[in-house]
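Here is the structure we will look at.
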Amino acid sequence: MSDHEASRGIAAMPEIVLNTAADPGQVKAWLTDVVGVRPEEVRCHVDRPRVELEWPSGQAELRAETSGAGASVVHLRLSATASSAELARAALDALAVQVGQNFNPG
């Protein structure tokens with residue numbers, strides 16, 4: 001298993017980012033589709049300011065910290081048998097889309 005990290009800014013407060021990341025209804029869109037596992041295989045533990053996720057072939061830790069008014073910097077460490085730096089970046093990009101949809105439903 002190899003570890004890969006990625007970081008990016010998201011235009012939302014850390015609480016919103018973490019709530020979105022930990023929401024079982026949204027984990028498929030931002031994580032499981034990217035790493036290739038089924039949503040029901042993912043176990044999630046929230047320990048603010050981070051979310052820990054585990055599945056049979058890997059794990060991830062997501063941390064969010066305030067970065068100015070109404071914004072966050074989000075860090076993802078991804079450990080998986082099929083991991084790559086591109087997967088970590090893709091997961092964060094997908095999470096940013098999900099957070100954006102929380103603000104702009106429809």
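The values are calculated or read from the model by the stated rules, or taken from the named source; none is laboratory data. From a predicted model like this one, the values you see are computed outputs, not experimental measurements. A quick note on method: Cβ atoms are made from the backbone with ideal geometry, for glycine too, and the neighbour counts reach across all protein chains shown.
Miscellaneous remarks
- Verdict on ALA29 being under 11 Å from the mean Cα position of the chain (by Cα), surrounded by fewer than 21 Cβ atoms within 10 Å (Cβ to Cβ), at pLDDT below 95 and aliphatic (A, V, I, L, M): yes
- Residue list for region 71-87, restricted to those being out of contact with any Ser or Thr (no Cβ under 9 Å at 6 or more places or on another chain) and at pLDDT 90 or above: ALA71, ARG77
- Qualifying residue in region 38-54 (condition: assigned to a loop (DSSP other than H, G, I, E, B), without any contact (Cβ under 8 Å) to a residue 40 or more places away in the chain and within 19 Å of ASP3 (Cβ to Cβ)): yes
- When residues of region 44-70 are limited to those that are small (Gly, Ala, Ser) and over 17 Å from VAL17 (Cα atoms), the one modelled with the lowest pLDDT: SER57
- Every residue from region 1-37 that is of a type in the set (D, E, K, R) and in a loop (DSSP other than H, G, I, E, B): ASP23
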